Amino acid sequence: QVQLVESGGGLVQAGGSLRLSCTTSGSIFSINAMGWYRQAPGKQRELVATITSGESTNYADSVKGRFTISRDNAKNTVYLQMNSLKPEDTAVYYCNADIRTSFYKGWYDYWGQGTQVTVSS
């Protein structure tokens, strides 16, 4: 069984910074793309940033220049450094990873349980 566990969320003032971490564990053969998504109250879940196994990155326009995604393949961990936070960044942030659990199985999407980020004005 595969688990994704996020950490690092919390309450911060506008202009502040937070660093989210997501560690994967369990029966993992290989990890392809990893990413962060967020969902604000009353809104749909949206992409924040993704990073491929080759470390190519993609960002939502709303976070470009403020957020940085990175990964440590040895630790099966993905990070999201969030700077210059704004109240509109307030949301539950979810980690996502595309994982194979065996050479004989296909790629499947896995999600973490989410971590709350609240930015006060």
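Against the criterion of being basic (K, R) and within 16 Å of the chain's Cα centre (by Cα), R71 qualifies. Has segment 78-86 got at least one residue that is charged (D, E, K, R) and loosely packed, with under 13 Cβ neighbours inside 10 Å? The answer is no; no qualifying residue exists.
Does D98 satisfy being of a type outside the set (A, V, I, L, M) and in contact with an Asp or Glu (Cβ under 9 Å, 6 or more places away or on another chain)? Judged against the criteria, D98 is a match.
Tally time: how many residues in segment 77-119 are of a type in the set (G, A, S) and under 12 Å from S17 (Cα atoms)?
Step one: filter segment 77-119 for residues of a type in the set (G, A, S), giving 84, 91, 97, 102, 106, 112, 114.
From the residues that got through so far, the ones that are under 12 Å from S17 (Cα atoms) too are 84.
Here the count works out to 1.
In the set I28, I99, I69, only one residue is at pLDDT below 95 and surrounded by 14 or more Cβ atoms within 10 Å (Cβ to Cβ); that residue is I28.
The values are calculated or read from the model by the stated rules, or taken from the named source; none is laboratory data. Keep in mind the model is a prediction, meaning the values are calculated, not measured. Positions of Cβ are backbone-derived with ideal geometry, glycine not excepted, and every protein chain shown enters the neighbour counts.
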